[in-house]
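Visitor: My questions will all concern the structure given below.
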Amino acid sequence: MEADMTGSGRAMTILGVGCGLGARDGGCADGPRALRRGGMGERLRGLTEDLHCLELQAPLGDAQTVIPRLADHLATLVAKECGRGRFPIVIGGDHSCAMGTWAGLRQAHGAAFRLIWIDAHMDLHTPDTSPSGALHGMPLACLLGLGPPGLARHPPVLTGTEVTLMGVRSWEPEEEARTSRHGIRVMGMAELKRLGLAAALAEATGPGDFGISLDLDAIDPADAPGVGTPAPGGIRADELLDALAPLLASPRCIGLEIAEYNPHHDIDQRTAALVETIVEAAIRSSGDPP
Ligand SMILES: [Mn+2]
(Lines give C-alpha, C1' and ligand atoms only; values in the text may rest on other atoms or scores of the structure.)
Protein backbone atom coordinates (compact mmCIF):
# COMPACT_ATOMS: atom_id res chain seq x y z
CA MET A 1 0.00 0.00 0.00
CA GLU A 2 2.73 2.47 1.03
CA ALA A 3 4.47 2.28 -2.35
CA ASP A 4 1.36 3.54 -4.08
CA MET A 5 0.84 6.53 -1.82
CA THR A 6 1.38 9.82 -3.53
CA GLY A 7 2.15 13.13 -1.98
CA SER A 8 -1.48 14.08 -2.03
CA GLY A 9 -3.02 11.01 -0.45
CA ARG A 10 -3.74 7.46 -1.37
CA ALA A 11 -4.32 6.29 -4.90
CA MET A 12 -8.01 5.97 -5.64
CA THR A 13 -10.20 4.52 -8.34
CA ILE A 14 -13.81 5.56 -8.80
CA LEU A 15 -15.88 2.87 -10.49
CA GLY A 16 -19.23 4.13 -11.75
CA VAL A 17 -21.87 1.43 -12.27
CA GLY A 18 -24.59 2.64 -14.62
CA CYS A 19 -27.25 0.10 -13.75
CA GLY A 20 -30.85 0.61 -12.69
CA LEU A 21 -32.17 -2.84 -13.57
CA GLY A 22 -32.33 -3.75 -9.89
CA ALA A 23 -34.72 -0.91 -9.06
CA ARG A 24 -38.35 -0.34 -9.95
CA ASP A 25 -37.36 3.21 -10.89
CA GLY A 26 -34.36 2.61 -13.12
CA GLY A 27 -33.28 6.27 -13.26
CA CYS A 28 -30.24 5.58 -11.09
CA ALA A 29 -28.66 3.98 -14.17
CA ASP A 30 -27.93 7.57 -15.22
CA GLY A 31 -26.28 8.45 -11.89
CA PRO A 32 -22.59 7.96 -12.74
CA ARG A 33 -22.99 9.67 -16.13
CA ALA A 34 -24.79 12.65 -14.57
CA LEU A 35 -22.00 13.05 -12.01
CA ARG A 36 -19.36 12.86 -14.75
CA ARG A 37 -21.17 15.41 -16.93
CA GLY A 38 -21.53 17.64 -13.90
CA GLY A 39 -17.72 17.77 -13.73
CA MET A 40 -17.16 15.74 -10.56
CA GLY A 41 -14.11 13.92 -11.92
CA GLU A 42 -12.31 17.10 -12.99
CA ARG A 43 -12.93 18.80 -9.66
CA LEU A 44 -11.74 15.76 -7.73
CA ARG A 45 -8.60 15.51 -9.87
CA GLY A 46 -7.72 18.95 -8.55
CA LEU A 47 -7.45 17.37 -5.11
CA THR A 48 -5.32 14.34 -5.83
CA GLU A 49 -2.55 13.38 -8.23
CA ASP A 50 -3.69 9.83 -8.48
CA LEU A 51 -7.36 9.34 -9.30
CA HIS A 52 -8.65 6.94 -11.93
CA CYS A 53 -12.27 6.92 -13.08
CA LEU A 54 -13.86 3.91 -14.73
CA GLU A 55 -17.48 3.46 -15.76
CA LEU A 56 -19.49 0.31 -16.36
CA GLN A 57 -22.79 0.42 -18.22
CA ALA A 58 -25.35 -2.35 -17.79
CA PRO A 59 -26.41 -3.90 -21.10
CA LEU A 60 -30.08 -4.18 -21.91
CA GLY A 61 -31.66 -7.35 -20.64
CA ASP A 62 -33.29 -9.18 -17.84
CA ALA A 63 -32.20 -8.09 -14.34
CA GLN A 64 -31.71 -11.63 -13.04
CA THR A 65 -29.29 -12.34 -15.88
CA VAL A 66 -27.54 -9.00 -16.28
CA ILE A 67 -26.97 -8.08 -12.63
CA PRO A 68 -25.03 -11.19 -11.51
CA ARG A 69 -22.81 -10.89 -14.61
CA LEU A 70 -22.25 -7.21 -14.00
CA ALA A 71 -21.46 -7.99 -10.36
CA ASP A 72 -18.83 -10.54 -11.41
CA HIS A 73 -17.29 -7.99 -13.77
CA LEU A 74 -17.30 -5.32 -11.06
CA ALA A 75 -15.82 -7.74 -8.52
CA THR A 76 -12.93 -8.47 -10.89
CA LEU A 77 -12.27 -4.77 -11.41
CA VAL A 78 -12.49 -3.94 -7.70
CA ALA A 79 -10.13 -6.80 -6.84
CA LYS A 80 -7.70 -5.65 -9.53
CA GLU A 81 -7.68 -2.05 -8.31
CA CYS A 82 -7.20 -3.20 -4.69
CA GLY A 83 -4.40 -5.49 -5.77
CA ARG A 84 -2.64 -2.44 -7.20
CA GLY A 85 -2.92 -0.75 -3.82
CA ARG A 86 -5.70 1.55 -4.96
CA PHE A 87 -8.66 2.51 -2.76
CA PRO A 88 -11.92 1.63 -4.55
CA ILE A 89 -14.96 3.91 -4.54
CA VAL A 90 -17.95 2.37 -6.28
CA ILE A 91 -20.73 4.72 -7.32
CA GLY A 92 -24.10 3.28 -8.40
CA GLY A 93 -26.40 2.70 -9.95
CA ASP A 94 -28.85 0.74 -7.89
CA HIS A 95 -27.59 -0.99 -4.74
CA SER A 96 -27.33 -4.39 -6.45
CA CYS A 97 -23.79 -3.25 -7.34
CA ALA A 98 -22.89 -4.26 -3.76
CA MET A 99 -22.94 -7.88 -4.92
CA GLY A 100 -19.85 -7.07 -6.98
CA THR A 101 -18.13 -4.47 -4.82
CA TRP A 102 -17.84 -6.61 -1.70
CA ALA A 103 -17.11 -9.81 -3.57
CA GLY A 104 -14.15 -8.00 -5.14
CA LEU A 105 -12.95 -6.64 -1.83
CA ARG A 106 -13.29 -10.05 -0.19
CA GLN A 107 -11.20 -11.50 -3.03
CA ALA A 108 -8.47 -8.90 -2.78
CA HIS A 109 -8.30 -8.08 0.90
CA GLY A 110 -6.43 -10.71 2.87
CA ALA A 111 -7.57 -9.72 6.33
CA ALA A 112 -11.02 -9.90 7.87
CA PHE A 113 -13.14 -6.78 7.62
CA ARG A 114 -16.47 -5.52 8.84
CA LEU A 115 -19.07 -3.97 6.59
CA ILE A 116 -21.17 -0.99 7.62
CA TRP A 117 -24.35 -0.98 5.54
CA ILE A 118 -25.97 2.44 5.87
CA ASP A 119 -29.44 2.23 4.36
CA ALA A 120 -33.12 3.00 4.98
CA HIS A 121 -33.81 -0.64 4.03
CA MET A 122 -32.31 -3.95 5.07
CA ASP A 123 -31.70 -5.28 1.54
CA LEU A 124 -32.17 -8.77 2.97
CA HIS A 125 -34.87 -9.99 0.63
CA THR A 126 -34.74 -13.01 -1.60
CA PRO A 127 -37.09 -13.41 -4.59
CA ASP A 128 -39.50 -15.48 -2.46
CA THR A 129 -39.89 -12.80 0.24
CA SER A 130 -39.69 -9.60 -1.82
CA PRO A 131 -42.99 -7.78 -2.45
CA SER A 132 -41.49 -5.91 -5.42
CA GLY A 133 -39.08 -8.49 -6.82
CA ALA A 134 -36.54 -5.67 -7.27
CA LEU A 135 -32.96 -6.90 -6.93
CA HIS A 136 -31.75 -3.76 -5.16
CA GLY A 137 -33.68 -5.06 -2.13
CA MET A 138 -31.60 -8.26 -2.12
CA PRO A 139 -27.85 -7.57 -2.30
CA LEU A 140 -27.05 -8.14 1.36
CA ALA A 141 -28.94 -11.46 1.29
CA CYS A 142 -27.04 -12.49 -1.85
CA LEU A 143 -23.71 -11.63 -0.19
CA LEU A 144 -24.68 -13.85 2.75
CA GLY A 145 -25.29 -16.70 0.31
CA LEU A 146 -29.11 -16.51 0.49
CA GLY A 147 -31.37 -16.80 -2.53
CA PRO A 148 -31.63 -18.95 -5.63
CA PRO A 149 -28.62 -20.25 -7.58
CA GLY A 150 -27.25 -17.57 -9.85
CA LEU A 151 -28.21 -14.79 -7.46
CA ALA A 152 -26.80 -16.03 -4.13
CA ARG A 153 -23.03 -15.70 -3.88
CA HIS A 154 -21.28 -19.03 -3.28
CA PRO A 155 -19.27 -19.34 -1.20
CA PRO A 156 -20.89 -16.53 0.81
CA VAL A 157 -18.93 -13.27 0.67
CA LEU A 158 -19.96 -12.22 4.17
CA THR A 159 -21.19 -13.70 7.40
CA GLY A 160 -23.89 -11.83 9.31
CA THR A 161 -21.71 -11.10 12.32
CA GLU A 162 -19.40 -9.02 10.08
CA VAL A 163 -22.25 -6.69 9.10
CA THR A 164 -23.92 -3.74 10.83
CA LEU A 165 -27.09 -2.29 9.35
CA MET A 166 -27.35 1.39 10.16
CA GLY A 167 -30.19 3.88 9.70
CA VAL A 168 -32.77 1.25 8.70
CA ARG A 169 -36.42 2.24 9.07
CA SER A 170 -38.35 0.27 6.44
CA TRP A 171 -38.33 -3.51 6.24
CA GLU A 172 -40.44 -6.66 5.99
CA PRO A 173 -40.67 -9.21 8.85
CA GLU A 174 -38.79 -11.87 6.85
CA GLU A 175 -35.82 -9.52 6.63
CA GLU A 176 -35.86 -8.78 10.34
CA ALA A 177 -35.93 -12.53 11.02
CA ARG A 178 -32.79 -12.87 8.90
CA THR A 179 -30.95 -10.25 10.94
CA SER A 180 -31.50 -12.35 14.07
CA ARG A 181 -30.80 -15.66 12.38
CA HIS A 182 -27.51 -14.42 10.92
CA GLY A 183 -26.39 -12.30 13.84
CA ILE A 184 -26.49 -9.00 11.94
CA ARG A 185 -26.22 -5.98 14.22
CA VAL A 186 -29.08 -3.54 13.54
CA MET A 187 -28.86 0.11 14.50
CA GLY A 188 -32.14 1.83 13.69
CA MET A 189 -32.74 5.57 13.77
CA ALA A 190 -33.68 5.60 17.48
CA GLU A 191 -30.43 3.91 18.44
CA LEU A 192 -28.38 6.25 16.23
CA LYS A 193 -30.00 9.23 17.95
CA ARG A 194 -29.36 7.75 21.37
CA LEU A 195 -25.70 6.82 20.74
CA GLY A 196 -24.82 9.63 18.36
CA LEU A 197 -23.67 8.77 14.87
CA ALA A 198 -19.92 8.93 15.55
CA ALA A 199 -20.15 6.55 18.53
CA ALA A 200 -22.45 4.23 16.58
CA LEU A 201 -20.00 4.11 13.68
CA ALA A 202 -17.06 3.54 16.03
CA GLU A 203 -18.89 0.60 17.59
CA ALA A 204 -19.85 -0.81 14.19
CA THR A 205 -16.37 -0.58 12.69
CA GLY A 206 -14.62 -2.09 15.71
CA PRO A 207 -10.83 -2.05 15.96
CA GLY A 208 -10.05 -3.69 12.60
CA ASP A 209 -10.54 -3.07 8.90
CA PHE A 210 -13.92 -2.05 7.55
CA GLY A 211 -15.80 -1.07 4.42
CA ILE A 212 -18.75 1.27 4.01
CA SER A 213 -21.75 0.76 1.76
CA LEU A 214 -23.92 3.87 1.73
CA ASP A 215 -27.35 3.73 0.17
CA LEU A 216 -28.24 7.39 -0.26
CA ASP A 217 -31.82 6.70 0.86
CA ALA A 218 -30.44 6.31 4.41
CA ILE A 219 -30.09 10.08 4.36
CA ASP A 220 -33.16 12.18 5.02
CA PRO A 221 -34.97 12.98 1.74
CA ALA A 222 -34.73 16.68 2.62
CA ASP A 223 -30.95 16.43 2.20
CA ALA A 224 -30.78 13.69 -0.45
CA PRO A 225 -33.91 13.85 -2.61
CA GLY A 226 -32.17 12.23 -5.59
CA VAL A 227 -33.04 8.61 -4.82
CA GLY A 228 -35.64 6.16 -6.14
CA THR A 229 -37.06 4.96 -2.83
CA PRO A 230 -37.04 7.87 -0.34
CA ALA A 231 -37.92 7.11 3.28
CA PRO A 232 -38.70 9.99 5.64
CA GLY A 233 -36.97 10.38 8.99
CA GLY A 234 -33.42 9.65 7.87
CA ILE A 235 -29.91 10.65 8.88
CA ARG A 236 -29.14 14.33 8.30
CA ALA A 237 -26.42 14.85 5.71
CA ASP A 238 -24.29 17.18 7.86
CA GLU A 239 -24.25 14.72 10.74
CA LEU A 240 -23.34 11.88 8.43
CA LEU A 241 -20.50 13.84 6.85
CA ASP A 242 -19.09 14.86 10.23
CA ALA A 243 -19.15 11.30 11.50
CA LEU A 244 -18.01 9.67 8.26
CA ALA A 245 -15.09 11.93 7.31
CA PRO A 246 -12.67 10.71 10.03
CA LEU A 247 -13.56 7.09 9.21
CA LEU A 248 -12.89 7.60 5.52
CA ALA A 249 -9.52 9.03 6.53
CA SER A 250 -8.59 5.92 8.45
CA PRO A 251 -6.14 3.46 6.85
CA ARG A 252 -8.47 0.76 8.27
CA CYS A 253 -11.11 1.79 5.73
CA ILE A 254 -10.69 -0.52 2.73
CA GLY A 255 -13.44 0.66 0.40
CA LEU A 256 -16.48 2.86 -0.07
CA GLU A 257 -19.67 2.37 -2.03
CA ILE A 258 -22.31 5.04 -2.65
CA ALA A 259 -25.47 3.68 -4.28
CA GLU A 260 -28.87 4.74 -5.59
CA TYR A 261 -28.08 8.24 -6.85
CA ASN A 262 -31.01 9.04 -9.15
CA PRO A 263 -30.41 12.34 -10.97
CA HIS A 264 -34.01 12.47 -12.22
CA HIS A 265 -35.29 13.06 -8.69
CA ASP A 266 -32.55 15.40 -7.54
CA ILE A 267 -33.42 18.95 -6.54
CA ASP A 268 -30.91 21.75 -7.22
CA GLN A 269 -28.10 19.15 -7.53
CA ARG A 270 -28.38 18.65 -3.77
CA THR A 271 -27.75 14.90 -3.85
CA ALA A 272 -25.04 15.15 -6.51
CA ALA A 273 -23.20 17.70 -4.36
CA LEU A 274 -23.49 15.40 -1.37
CA VAL A 275 -22.01 12.44 -3.27
CA GLU A 276 -19.13 14.64 -4.35
CA THR A 277 -18.56 15.92 -0.81
CA ILE A 278 -18.38 12.37 0.56
CA VAL A 279 -15.90 11.28 -2.12
CA GLU A 280 -13.97 14.49 -1.52
CA ALA A 281 -13.77 13.66 2.19
CA ALA A 282 -12.22 10.31 1.32
CA ILE A 283 -9.67 11.97 -0.96
CA ARG A 284 -8.83 14.99 1.18
CA SER A 285 -8.41 13.17 4.43
CA SER A 286 -6.48 10.22 3.09
CA GLY A 287 -3.17 12.09 3.19
CA ASP A 288 -3.01 12.31 6.95
CA PRO A 289 -4.52 9.24 8.61
CA PRO A 290 -5.24 9.64 12.32
MN1 LIG B 1 -29.96 -0.43 -0.30
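Visitor: Out of segment 193-212, which residues are in a helix (DSSP H, G or I) and in contact with an Asp or Glu (Cβ under 9 Å, 6 or more places away or on another chain)?
Guide: Step one: list which residues in segment 193-212 are in a helix (DSSP H, G or I), which gives 193-195, 197-205.
Answer for segment 193-212, where residues must be in a helix (DSSP H, G or I) and in contact with an Asp or Glu (Cβ under 9 Å, 6 or more places away or on another chain): 195, 197, 198, 200.
Residue-wise test of (1) under 18 Å from residue 204 (Cα atoms); (2) at pLDDT 95 or above.
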| residue | (1), (2) |
| --- | --- |
| 154 | no, no |
| 158 | yes, yes |
| 178 | no, yes |
| 182 | yes, yes |
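Visitor: Let me ask something additional. Across segment 41-65, which residue is nearest to residue 134 (Cα to Cα) among those that are acidic (Asp, Glu) and touching a Ser or Thr at 6+ places or on another chain (Cβ under 7 Å)? If you could, list the steps in order and put the result at the bottom.
Guide: Initially, segment 41-65 is screened for residues acidic (Asp, Glu), giving 42, 49-50, 55, 62.
Checking the rest, the ones that are also touching a Ser or Thr at 6+ places or on another chain (Cβ under 7 Å) come to 49-50.
Numbers: 49: 39, 50: 36 Å.
Looking at residues that are acidic (Asp, Glu) and touching a Ser or Thr at 6+ places or on another chain (Cβ under 7 Å), I get 50.
Visitor: Separate question: Which residue out of 239, 280, 203, 260 is out of contact with any His (no Cβ under 6 Å at 6 or more places or on another chain), of a type in the set (D, E, K, R) and within 16 Å of residue 117 (Cβ to Cβ)?
Guide: Numbers: 239 fails: within 16 Å of residue 117 (Cβ to Cβ); 280 fails: within 16 Å of residue 117 (Cβ to Cβ); 260 fails: out of contact with any His (no Cβ under 6 Å at 6 or more places or on another chain).
The conditions single out 203.
Visitor: Going by what's in this entry, would residue 258 be described as touching a residue at least 40 places away in the same chain (Cβ under 8 Å), hydrophobic (A, V, I, L, M, F, W, C), within 16 Å of the ligand (Cβ to nearest atom) and under 25 Å from residue 132 (Cβ atoms)? Can you show your working first?
Guide: Working: touching a residue at least 40 places away in the same chain (Cβ under 8 Å): yes; hydrophobic (A, V, I, L, M, F, W, C): yes; within 16 Å of the ligand (Cβ to nearest atom): yes; under 25 Å from residue 132 (Cβ atoms): yes.
In short, yes.
Visitor: Just to be sure before I move on: is residue 165 touching a strand residue (DSSP E or B) at 6+ places or on another chain (Cβ under 8 Å) and surrounded by fewer than 19 Cβ atoms within 10 Å (Cβ to Cβ) in the structure I sent?
Guide: Working: touching a strand residue (DSSP E or B) at 6+ places or on another chain (Cβ under 8 Å): yes; surrounded by fewer than 19 Cβ atoms within 10 Å (Cβ to Cβ): no.
No: the conditions fail for residue 165.
Visitor: When you go through 208, 226 one by one, which is the residue that is buried (at least 22 other Cβ atoms within 10 Å of the Cβ) and either more than 14 Å from the ligand (Cβ to nearest atom) or more than 18 Å from the chain's Cα centre (by Cα) (or both)? Give the steps one after another, and end with the answer.
Guide: Details: 208 fails: buried (at least 22 other Cβ atoms within 10 Å of the Cβ).
Going through 208, 226 in turn, just one is buried (at least 22 other Cβ atoms within 10 Å of the Cβ) and either more than 14 Å from the ligand (Cβ to nearest atom) or more than 18 Å from the chain's Cα centre (by Cα) (or both): 226.
Visitor: Here's a follow-up. Which count do you get for residues in segment 183-200 that are surrounded by 17 or more Cβ atoms within 10 Å (Cβ to Cβ) and either in contact with a His (Cβ under 7 Å, 6 or more places away or on another chain) or among the acidic types (Asp, Glu) (or both)?
Guide: 0
Visitor: Would you be able to tell me the number of residues in segment 24-38 that are among the basic types (Lys, Arg) and part of a loop (DSSP other than H, G, I, E, B)?
Guide: Within segment 24-38, the subset among the basic types (Lys, Arg) is 24, 33, 36-37.
Right, trim to part of a loop (DSSP other than H, G, I, E, B) and you get 24.
Of the residues in that region, 1 qualify.
Visitor: Another question, if that's okay. Out of the residues in segment 213-223 meeting the condition of being out of contact with any Pro (no Cβ under 6 Å at 6 or more places or on another chain) and assigned to a loop (DSSP other than H, G, I, E, B), tell me which one is surrounded by the most Cβ atoms within 10 Å (Cβ to Cβ).
Guide: Out of the qualifying residues, it is 220.
Visitor: Between a first residue in segment 82-99 that is at positive phi and a second residue that is charged (D, E, K, R) and within 11 Å of the ligand (Cβ to nearest atom), which pairs have beta carbons less than 9 Å apart while being 6 or more apart in sequence or on different chains?
Guide: Pairs found: 93/260.
Visitor: Take the conditions assigned to a helix (DSSP H, G or I), more than 22 Å from residue 280 (Cβ to Cβ) and of a type in the set (Val, Ile, Thr) and apply them to residue 78. Does it pass?
Guide: When the stated conditions are applied, residue 78 does not pass them.
The values are calculated or read from the model by the stated rules, or taken from the named source; none is laboratory data. Everything numeric in this text was worked out from a predicted model, so none of it was measured. Here the Cβ is made from the backbone with ideal geometry for all residues, glycine too, and neighbour counts use every protein chain on show.
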